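Q: Shown below is the structure under consideration.
The values are calculated or read from the model by the stated rules, or taken from the named source; none is laboratory data. Every value quoted in this text rests on a predicted model; they were computed, and no experiment measured them. When we count neighbours, we look across all protein chains shown, and the Cβ atoms used for this are built from the backbone with ideal geometry, even at glycine.
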Amino acid sequence: MLTELNNQDNINKYRYLLVDNLVVLNSFSPLSRDSLLELFGEKKLIQVLRTDLDYDQSICPTLIQLADPNDFFADWILDEISQQAKIECLWSKRYICAYIISDLKPSVLAKQLIKIGNNIAQTLRQPYYPFFEPFRMQFLHEVASKEDNAWLKAQFSQIENYYYPSIYGGKFIRFTADNSLETPISWSPNYCQRLKNFRMIRTLVNAWSNNRSQFDEQKNIPLSENVILQSTELVEQAYQLGLTDATDILFWGLNGLRYHQVFTEHPQIFEQIRKAQQEPGSFSTHVINANINFES
């Protein structure tokens, strides 16, 4: 990120780090709030008072001003940030949220981040939407159509570049506004429906990623670059097939990610689905008892 933060497009702007205080690091961590206060000073730390948590500033996100416009930023803290992003890349809640590049001064950018969350929340008819949570941001980015992404990009019109840590070892992905796109009034109904399945999709992605590290027979299976989109489609298929229990949906998704069409299109699987429809939570038991071979 050193090169990105100081390239010709970014160096003439403010450069920030956004962290989520719903995750509390050990006080000895160089990235803990106390450590950041000592390193940057109180004036460089701005609370982002998300409207659903503004009753307690201490749990709201913090925006850290890393560098002023035209100041070269090179600090050992960048290595710590990358390491933390890697460690927590599959956590359900993560501390490192984003590097943000903008012309906006700290207090103005903090308000803009609140506004983005409120705009999304209004579209989804729910309370403040924490779009900055890394998995949530990656999900928003990857499963959207071109038109849906255009609406999201429009919300970032005052942010030059936004880099969020991905599930792929915490590697940072660039998301940027594009004012050349025609912006729809809102997101499509299909995209909004996908967002309603977010928690189930996140559970599936995390379970699949963890399985690959825990089970010897799955360690050589690569983590697809499209795993979030694939998981989204598998969860949608599960609902369409009449699976309603979370464990049934998860079992469908995990095997779909592992065996693909060999599992999802196997005629004997549909027989087991019919049984699970009558007895929610029994899908895995029926599939195991059917002794179906998916390896050939």
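Q: Given the condition in a loop (DSSP other than H, G, I, E, B), of a type in the set (Ser, Thr, Tyr), assigned by TED's automatic domain parsing to the domain that holds Asn118 and more than 23 Å from the chain's Cα centre (by Cα), answer yes or no: does some residue in region 35-52 qualify?
A: No, every residue in region 35-52 fails to be in a loop (DSSP other than H, G, I, E, B), of a type in the set (Ser, Thr, Tyr), assigned by TED's automatic domain parsing to the domain that holds Asn118 and more than 23 Å from the chain's Cα centre (by Cα).
Q: Is it the case that Tyr162 is part of a loop (DSSP other than H, G, I, E, B), among the aromatic types (Phe, Trp, Tyr) and closer than 29 Å to Met1 by Cβ? Full working, then the answer.
A: On the way: part of a loop (DSSP other than H, G, I, E, B): no; among the aromatic types (Phe, Trp, Tyr): yes; closer than 29 Å to Met1 by Cβ: yes.
When the stated conditions are applied, Tyr162 does not pass them.
Q: If you don't mind, there's one more thing I want to ask. Looking at (1) closer than 23 Å to Gly169 by Cα; (2) part of a loop (DSSP other than H, G, I, E, B); (3) aromatic (Phe, Trp, Tyr), can you tell me which one Phe139 breaks?
A: Phe139 satisfies every listed condition except (2).
Q: Scan region 117-133 residue by residue and report those that are surrounded by 20 or more Cβ atoms within 10 Å (Cβ to Cβ), part of a helix (DSSP H, G or I) and either touching a helix residue (DSSP H, G or I) at 6+ places or on another chain (Cβ under 8 Å) or not assigned by TED's automatic domain parsing to the domain that holds Leu45 (or both).
A: Once the filter is applied, which keeps residues that are surrounded by 20 or more Cβ atoms within 10 Å (Cβ to Cβ), part of a helix (DSSP H, G or I) and either touching a helix residue (DSSP H, G or I) at 6+ places or on another chain (Cβ under 8 Å) or not assigned by TED's automatic domain parsing to the domain that holds Leu45 (or both), region 117-133 yields only Ile120.
Q: Is there a residue being of a type in the set (Phe, Trp, Tyr), farther than 27 Å from Ala177 by Cβ and without any contact (Cβ under 8 Å) to a residue 24 or more places away in the chain anywhere in region 24-45?
A: Narrowing region 24-45 to residues of a type in the set (Phe, Trp, Tyr): 28, 40.
Subset that is farther than 27 Å from Ala177 by Cβ: 28.
If we keep only those that are without any contact (Cβ under 8 Å) to a residue 24 or more places away in the chain as well, we get 28.
Looking for residues that are of a type in the set (Phe, Trp, Tyr), farther than 27 Å from Ala177 by Cβ and without any contact (Cβ under 8 Å) to a residue 24 or more places away in the chain, one finds at least one in region 24-45, hence yes.
Q: Every residue in region 53-84 that is over 18 Å from Tyr163 (Cα atoms) and part of a helix (DSSP H, G or I), please.
A: Hits for region 53-84 are Gln57, Ser58, Ile59.
Q: Answer with yes or no whether Phe172 is closer than 24 Å to Ala246 by Cα and at pLDDT 95 or above.
A: Details: closer than 24 Å to Ala246 by Cα: no; at pLDDT 95 or above: yes.
Spelling it out, it is not the case that Phe172 is closer than 24 Å to Ala246 by Cα and at pLDDT 95 or above.
Q: Right, here's the next one. Checking Ile185 against (1) touching an Asp or Glu at 6+ places or on another chain (Cβ under 9 Å); (2) assigned to a loop (DSSP other than H, G, I, E, B); (3) over 29 Å from Glu295 (Cα atoms); (4) of a type outside the set (Gly, Ala, Ser), which single condition isn't satisfied?
A: Here Ile185 meets the rest and fails (1).
Q: From Phe294, Phe198, Phe270, grab the single residue that is among the hydrophobic types (A, V, I, L, M, F, W, C), out of contact with any helix residue (DSSP H, G or I) (no Cβ under 9 Å at 6 or more places or on another chain) and either surrounded by fewer than 16 Cβ atoms within 10 Å (Cβ to Cβ) or under 30 Å from Thr123 (Cα atoms) (or both).
A: Details: Phe294 fails: out of contact with any helix residue (DSSP H, G or I) (no Cβ under 9 Å at 6 or more places or on another chain); Phe198 fails: out of contact with any helix residue (DSSP H, G or I) (no Cβ under 9 Å at 6 or more places or on another chain).
Within the list Phe294, Phe198, Phe270, the selection yields Phe270.
Q: Here's something else I'd like to know. Among the residues of region 13-24, is there at least one that is on the phi < 0 side of the Ramachandran plot, modelled with pLDDT under 95 and more than 20 Å from the chain's Cα centre (by Cα)?
A: Checking region 13-24: not a single residue is on the phi < 0 side of the Ramachandran plot, modelled with pLDDT under 95 and more than 20 Å from the chain's Cα centre (by Cα).
Q: Could you list all residues from region 85-99 that are surrounded by fewer than 15 Cβ atoms within 10 Å (Cβ to Cβ) and either in a strand (DSSP E or B) or hydroxyl-bearing (Ser, Thr, Tyr) (or both)?
A: Within region 85-99, Ser92 is the sole residue that qualifies.
Q: Also: With respect to Leu234, determine if the residue is under 24 Å from Asn190 (Cα atoms), buried (at least 19 other Cβ atoms within 10 Å of the Cβ), of a type outside the set (Lys, Arg) and within 22 Å of the chain's Cα centre (by Cα).
A: yes
Q: So, one more: Given Leu250, Leu223, which one is farther than 18 Å from Pro134 by Cα, hydrophobic (A, V, I, L, M, F, W, C) and in contact with a helix residue (DSSP H, G or I) (Cβ under 8 Å, 6 or more places away or on another chain)?
A: Result of the check over Leu250, Leu223: Leu250.
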